1. Return yes or no: is residue 275 assigned to a helix (DSSP H, G or I), surrounded by 22 or more Cβ atoms within 10 Å (Cβ to Cβ) and in contact (Cβ under 8 Å) with a residue 40 or more places away in the chain?
2. Scan (1) in a helix (DSSP H, G or I); (2) under 16 Å from residue 291 (Cα atoms); (3) free of Cβ contacts under 8 Å to residues at least 40 places away in the same chain for the single condition residue 219 breaks and write down its number.
3. For residue 188, state whether it is surrounded by 21 or more Cβ atoms within 10 Å (Cβ to Cβ), closer than 19 Å to residue 6 by Cα and either over 20 Å from the mean Cα position of the chain (by Cα) or touching a residue at least 12 places away in the same chain (Cβ under 8 Å) (or both).
4. Select, from 146, 117, 155, 175, the only residue that is surrounded by fewer than 18 Cβ atoms within 10 Å (Cβ to Cβ), at pLDDT 95 or above and at positive phi.
5. Do you know which of the residues in the stretch 36-55 that are surrounded by fewer than 24 Cβ atoms within 10 Å (Cβ to Cβ) and in contact with a helix residue (DSSP H, G or I) (Cβ under 6 Å, 6 or more places away or on another chain) is farthest from residue 95 (Cα to Cα)?
6. Which numbered condition trips up residue 254, out of (1) more than 30 Å from residue 19 (Cβ to Cβ); (2) touching a helix residue (DSSP H, G or I) at 6+ places or on another chain (Cβ under 9 Å); (3) modelled with pLDDT under 95?
7. Given 247, 201, 205, which one is farther than 21 Å from residue 68 by Cα and over 18 Å from the mean Cα position of the chain (by Cα)?
8. Would you please name the residue that is nearest to residue 162 (Cα to Cα), looking only at residues in the stretch 259-272 that are at pLDDT below 95 and buried (at least 20 other Cβ atoms within 10 Å of the Cβ)?
């Protein structure tokens, strides 16, 4: 998937970000060349999709954008049954004011529904032109392997993209369990929470630093010896390349095989502007190795 190296996480739209802040972030993202906007049907009860849809309706160049949303957790369309999938897609299309979702995400496994039913329904929606690619988020390694195997058996497109939590402080699960499957099945990966809830931006260096929104509360778990060591090396490399530590953390992710783009969530357009140069930052092999070593699980 050829997209701008940084994607936009819309989970804060309609919750931490009001309508004006959301529009400002989207305007800046688009102006910078960004294209992939990632949301979900249940974010802020659907308000995230509504805000994106309102912004899209005023935008003349919709075709340059890649709109990704996830279904399966909205109360009106819970789970991944064929019925829920069809209802979820219909409702998301209405909120987004679109006739096609570029990337439809399966938002977590549904033990009550055979994956065969989910993938068959998704293939039908693809054939109808209502969705493009299929992604998976929150799947276990076993569930993901089964989805890949079943798609091959059914001869349907299946999952082509993963949303997986991956950053300098959360490496073990992705690298040991998810990455081997992605590599074997040639799946693209969008790295979720790439800045560890803001910790890797350098926003939280002590327990006295408090997030402006509860959405970034998780950063405080990294205020410890390991987190400080990682920030220390980010500070050193940031000084060497003349870049903010958050940009260095994003550039590290972009050196990893299968990673299409980190998906950043930001509280403001200003915070987004601070991160976007990370898309073009090239780290040396030595700098990557230093970050690998200090962040080793």
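The values are calculated or read from the model by the stated rules, or taken from the named source; none is laboratory data. Keep in mind the model is a prediction, meaning the values are calculated, not measured. As a convention, Cβ positions derive from the backbone with ideal geometry for all residues, glycine included, and neighbour counts pool all protein chains shown.
1. Working: assigned to a helix (DSSP H, G or I): yes; surrounded by 22 or more Cβ atoms within 10 Å (Cβ to Cβ): no; in contact (Cβ under 8 Å) with a residue 40 or more places away in the chain: yes.
No.
2. (2)
3. Numbers: surrounded by 21 or more Cβ atoms within 10 Å (Cβ to Cβ): no; closer than 19 Å to residue 6 by Cα: yes; either over 20 Å from the mean Cα position of the chain (by Cα) or touching a residue at least 12 places away in the same chain (Cβ under 8 Å) (or both): yes.
Taking the combined requirement at face value, the residue does not satisfy it.
4. Values: 146 fails: at positive phi; 117 fails: at positive phi; 175 fails: at positive phi.
Residue meeting the stated conditions: 155.
5. 55
6. Of (1) more than 30 Å from residue 19 (Cβ to Cβ); (2) touching a helix residue (DSSP H, G or I) at 6+ places or on another chain (Cβ under 9 Å); (3) modelled with pLDDT under 95, only one is false for residue 254: (3).
7. Values: 247 fails: over 18 Å from the mean Cα position of the chain (by Cα); 201 fails: over 18 Å from the mean Cα position of the chain (by Cα).
Of 247, 201, 205, the one residue that is farther than 21 Å from residue 68 by Cα and over 18 Å from the mean Cα position of the chain (by Cα) is 205.
8. 265
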